[in-house]
Amino acid sequence: MIKNILYSFSINFINFLFPLILIPFYIHVFGITNYGLIAISFSLINYISVINDYSWNALGPIKIGKLSSDFKAINNYISTVINTKLLLTIPTFLLLFVFAHLYNAISSNSIFFLSLFMMLFSRTQNAHWIFIGLNKVKIYFVINSIFKISCLLTILFFVKSKNSFQILFFILGFFDCLIFITAYIYLFIKEKFKYTATSLKDIYAELQSGFKMFLTNLTVCSILNSGTLILGVFYSSKIVGIYSVSEKVIMLGKHAIGVLFQGVFPKICTIGVASISELNKTLRQIFKYYILLFSAGTLFLIVFSEQIISVLSSSHILESSRYLILLSPIPLIASLNQSAYMSLLIHEKKNIYFSGYFFGLIINISFSFLLSYFFKVEGMITALIITELFITLFLNYNILRDKNLNFLSK
């Protein structure tokens, strides 16, 4: 479990550290205004690509693990997911076309606009979840690292002019495509994977089984990306750029929660099958560790906010560091719902966590539009904190009121 956590964390760390490393470069070469435009585009792609991610990043590895003794069934399942992802590419492209027109600076630049479709397509066939399920995370780590580093070097050495931001997403999308193509080549050659056709009935069943998890993922994605997108509708790319620098740091903390979930949850499932009392004990320990870990992280962000921002940006440091301080409690609040979330998943209480995240999604979107319109960035941050607090309190309340699920009582 620890080895998988380390490799998964390394993969996600590289994926998220990659744009963080490039923030100073983007701001230096393109300027804070164009960086704001890039940040809006990243958020737009992240938001829409959650449709293609659907529920497979969380549930896919578990399903493969359960089918580990049936090679044919694993082939059929992976093929079904690949085919479903390809089918979902159609609505994601349509949504990107529509939403991009909310931002005139994007839709009016035809080269940059087209590059977003390349970037979005590269996200459609992410194979990380397959390697987790097959317990081959190390292989994916190597593939991912090689092409991410190659992409980083390409950008640093060949993207020089201010207007070259137009081709940035072509470069990013190209190397992301190389990652999933190489990953599937490995599966075909080494794992003897065989692609099979899938009926529409099977695709519908797959979509139906993961729908509630999809809405959960959509809520998480909304919390991570809505700030940049909504601010971009109301205010200039410059304001978005200043806010986005601090938001990226917070997203790294939120991302760490997801990585820990990927590493811990398969083991939690095994414990849950064997003993409920042992499960509750483990969830209680996780809850305590998360309080300590993310409280320390929050304190670190508050104390060293200016230093952190100055590493990422040489522009508007005081404004971005103030936003970082206001945003700093978000990873801690979010981490405190993870034990409850895992307990609800294991006990198949889908309606509870579905309701929590669904209402959280409504709160996030409505409050974000309302508060950001009247109070700008501070209003947006307030909306994000309110959303995180609601979800955490809702999930933990439903755990505490059920004596079998209450992992806090010894």
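The values are calculated or read from the model by the stated rules, or taken from the named source; none is laboratory data. Here the structure is a predicted model, which means the values were calculated and not measured. Cβ sites come from the backbone with ideal geometry, for glycine too, and all protein chains shown count toward neighbours.
Points to keep in mind about this one:
- When 214, 165, 180 are checked against the criterion of being at pLDDT 85 or above and either surrounded by fewer than 13 Cβ atoms within 10 Å (Cβ to Cβ) or closer than 30 Å to residue 25 by Cα (or both), 180 stands alone in meeting it.
- Yes/no for residue 212 being closer than 22 Å to residue 313 by Cβ, of a type in the set (Lys, Arg) and touching a residue at least 12 places away in the same chain (Cβ under 8 Å): no
- Subset of segment 183-203 (residues that are loosely packed, with under 15 Cβ neighbours inside 10 Å, touching a helix residue (DSSP H, G or I) at 6+ places or on another chain (Cβ under 7 Å) and not basic (Lys, Arg)): 195, 196
- Qualifying positions in segment 128-157 - among the charged types (D, E, K, R) and either touching a Gly at 6+ places or on another chain (Cβ under 8 Å) or modelled with pLDDT under 85 (or both): 136, 138
- Among the residues making up segment 53-92, those that are in a loop (DSSP other than H, G, I, E, B), touching a Gly at 6+ places or on another chain (Cβ under 9 Å) and either of a type outside the set (A, V, I, L, M, F, W, C) or crowded, with 21+ Cβ neighbours inside 10 Å (or both) are 54, 55, 68.
- Residues of segment 337-351 that are of a type outside the set (Gly, Ala, Ser) and surrounded by 20 or more Cβ atoms within 10 Å (Cβ to Cβ): 337, 338, 341, 342, 344, 345.
- Residue pairs whose Cβ atoms lie under 8 Å apart, separated by 6 or more positions or on different chains, with the first residue in segment 226-255 and outside the structural domain of residue 363 (by TED's automatic domain parsing) and among the acidic types (Asp, Glu) and the second buried (at least 24 other Cβ atoms within 10 Å of the Cβ) and in a helix (DSSP H, G or I), do not occur.
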